[in-house]
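These notes concern the structure reproduced below.
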Amino acid sequence: MIDISVASSTIQRTPVLSVSGITKAFQGQVVLNSVDVELQRGEIALIRGDNGSGKTTLLNILTGNLEPDAGTIRLSINGKPKVFTFPQRWHRRLRTHNRFTPEVVVREGLVRSWQDTRLFGTQSLSSNIAVASPNQIGENPLAAAFCPTAVRKQEFDLQSAAQGNLDDLGLPGRGASTATHISLGQSKRVAIARAMRAGARVLLLDEPLAGLDQDGISIVLEMLRSLARDSGMTLVIVEHALNIPLILNFATTVWTLTDGRLRVEEPKSVQRDLERQNTDGVPSWLDRSVAAGSEVIEKRLLGGCLLTHILPPKVAPGQPVLEVEDLVVRRGGRLVLGQPASGDSVHGISLTIRQGEICILQAPNGWGKTTLLEAIAGLVPGSGQIRFLGQELKNGSAAWDRRKKGISLLQARRHTFPGLTVRESFRLLNVQNVPPGLETLLDRNASELSGGEKQKVAVACALSNSPRLVLLDEPHLALDAAALNNLAHDIQRHIGQSAVLIAVPGHSSFSDSFN
């Protein structure tokens with residue numbers, strides 16, 4: 001366990017944020033019900049709650065991205081308080097500098113990171129960070145036209161500072177890489193650096209550890225420790241159930257959301273409750289996904305990747321469902337999947353998964369886990385051979401053809417259609433049986449759902465129509481304890497005629513707990 005406790009002396013009993021009576025409903029369903037809470041300067045508040053409890057909704061409201069139906073928000077970050085009362089009167093909406101908008105909130109020093117990172121995919125990583133810098137000369141058309149030398153100098157300085165941020169986050173020399181060429185875990189770190197570059201004094205983080213391997217978690221936790229202890233930063237963190245124990249090591253207060261109400265708790269009390277629930281992170285969840293007495297075989301792949309083959313008891317190994325031979329993938333000329341050998345040659349990835357097996361692919365961020373799954377599903381091209389049920393899948397064959405053949409992929413991100421309702425998404429993928437608990441979401445757009453609710457919908461779509469090969473890229477992301485148990489049950493239920501490949505951040509061997 002990583003101990004990065006923060007001294008209570010860093011907390012100044014000066015409120016920087018106060019909310020009272022905050023209420024929000026979607027289509028008649030109350031998500032937040034008269035929430036009252038106060039945030040002190042230097043505090044580190046952890047927000048927790050089950051899927052759909054309103055965690056992300058609360059963050060969206062506090063940052064001006066969503067307007068509450070009723071209540072009051074008071075910001076006192078810069079000394080001069082700003083008060084917003086809802087519903088806002090018509091004349092307040094006419095103002096340009098004192099409306100309740102994300103731009104106004106950011107200027108006050110309250111900045112957030114997003115659950116889905118929202119980086120500019122075609123821009124370099126250094127540009128993604130530098131763009132958030134306030135008061136850029138080039139934003140003024142006259143200055144850009146008549147002071148080009150000053151603009152270029154400032155841009156050079158901002159790019160250099162952004163590269164320094166990347167070095168601190170364990171991404172040295174990656175400033176010129178585009179955001180589409182990094183892993184989910186790496187993009188999380190860039191998103192945090194961008195939020196800091198915007199001038200945050202109160203930083204709201206939506207699942208900053210989700211998708212990170214152990215090294216990435218250590219880097220981000222150390223960064224948060226430094227922000228809190230050395231810079232006096234005030235932090236509000238929403239984190240996934242499996243990572244909550246890590247945040248509790250240095251949180252000073254806990255906000256628990258239940259049935260639309262917010263309850264303030266002591267971190268030590270919450271920690272004791274979690275210990276009784278035996279929530280030990282990704283390894284614990286994977287344990288529950290595998291039946292006791294399973295046969296376990298571990299194989300090392302290139303670049304420090306561990307592939308664990310698990311055959312449940314009383315299940316005879318069947319025919320190969322997936323055979324990958326010497327697979328190499330490049331993006332924009334950069335080697336993403338594979339390992340350089342002598343000269344210009346590259347060693348590709350090879351693996352075989354048989355019917356009835358659950359295979360767990362553990363690798364550090366940047367190894368290419370997502371790329372491997374996307375190449376198998378037909379989303380990205382590569383060299384080498386991929387065979388499904390004994391037949392070669394030709395390079396370039398469409399992803400939808402592979403889906404019809406029986407290959408189903410759950411992506412770690414961008415796995416829902418934000419403009420479609422859940423009912424329309426299910427109809428599109430011919431989901432016949434609506435999973436329990438999702439009936440109330442059918443007429444809501446995916447853009448209105450919480451991260452956990454989106455994940456449940458995506459899992460239901462990925463497991464629909466009895467696929468022969470199920471590819472799950474970090475399926476535990478954003479799910480609460482109850483949903484993780486349901487997912488573990490669903491994975492076991494699909495074993496028999498199918499094979500399952502689960503990609504997760506790198507962890508130690510799980511074989512001892514499986515036997």
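Residues of the range 391-417 that are closer than 12 Å to LEU379 by Cβ and assigned to a strand (DSSP E or B): ILE407, LEU409. THR63 meets the stated requirement of being closer than 29 Å to VAL220 by Cα, hydroxyl-bearing (Ser, Thr, Tyr), at pLDDT 90 or above and under 25 Å from the mean Cα position of the chain (by Cα).
Which of the residues that make up the range 215-252 are under 15 Å from the mean Cα position of the chain (by Cα) and closer than 21 Å to ASP480 by Cα? Please lay out each step first, then the result.
Start the filter on the range 215-252 by keeping residues that are under 15 Å from the mean Cα position of the chain (by Cα), which leaves 216-217, 220, 237-244.
Result: ILE217, ILE237, VAL238, GLU239, HIS240, ALA241, LEU242, ASN243, ILE244.
Counting only strands (runs of 3 or more DSSP E) wholly contained in the range 10-51, the ones carrying 3 or more residues that are of a type in the set (Val, Ile, Thr) and closer than 26 Å to ALA481 by Cα occupy 29-41. Within the range 1-47, no residue satisfies the criterion of being more than 17 Å from LEU59 (Cα to Cα) and modelled with pLDDT of 95 or more.
This table checks each residue for (1) in contact with a Gly (Cβ under 9 Å, 6 or more places away or on another chain); (2) open to solvent by less than 50 Å² (accessible area, probe 1.4 Å).
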residue: GLY121; (1), (2): no, yes
residue: SER126; (1), (2): yes, yes
residue: ALA144; (1), (2): yes, yes
residue: LEU158; (1), (2): no, yes
residue: GLY173; (1), (2): no, no
residue: THR180; (1), (2): yes, no
residue: ARG189; (1), (2): yes, yes
residue: ARG194; (1), (2): no, yes
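Kindly provide the set of residues from the range 212-240 that are open to solvent by less than 30 Å² (accessible area, probe 1.4 Å), under 29 Å from THR370 (Cβ atoms) and in a helix (DSSP H, G or I), ordered by number. So that I can check it myself, show each step before the final result.
The initial filter retains those residues of the range 212-240 that are open to solvent by less than 30 Å² (accessible area, probe 1.4 Å), namely 212-213, 216-217, 220-221, 224, 227-228, 233-240.
Right, trim to under 29 Å from THR370 (Cβ atoms) and you get 212-213, 216-217, 220-221, 224, 227, 235-240.
Residues satisfying the conditions are GLY216, ILE217, VAL220, LEU221, LEU224, LEU227.
In the set (1) more than 23 Å from GLY109 (Cβ to Cβ); (2) touching a Ser or Thr at 6+ places or on another chain (Cβ under 7 Å), the condition left unmet by LEU205 is number (1).
Using the structure shown, decide if ALA251 is in a helix (DSSP H, G or I) and within 30 Å of LYS24 (Cβ to Cβ).
Working: in a helix (DSSP H, G or I): no; within 30 Å of LYS24 (Cβ to Cβ): yes.
Judged against the criteria, ALA251 is not a match.
Of the helices (runs of 4 or more DSSP H) lying entirely inside the range 116-208, those carrying at least 1 residues that are touching a strand residue (DSSP E or B) at 6+ places or on another chain (Cβ under 6 Å) are 184-197.
The values are calculated or read from the model by the stated rules, or taken from the named source; none is laboratory data. The shown structure was predicted, so the numbers you read here are calculated from the model rather than taken from an experiment. Virtual Cβ from ideal backbone geometry, glycine too; neighbours counted across all protein chains shown. Ligands, DNA and RNA are excluded from the accessible area calculation, which covers all protein heavy atoms including side chains. Shrake-Rupley method; radii C 1.70, N 1.55, O 1.52, S 1.80 Å.
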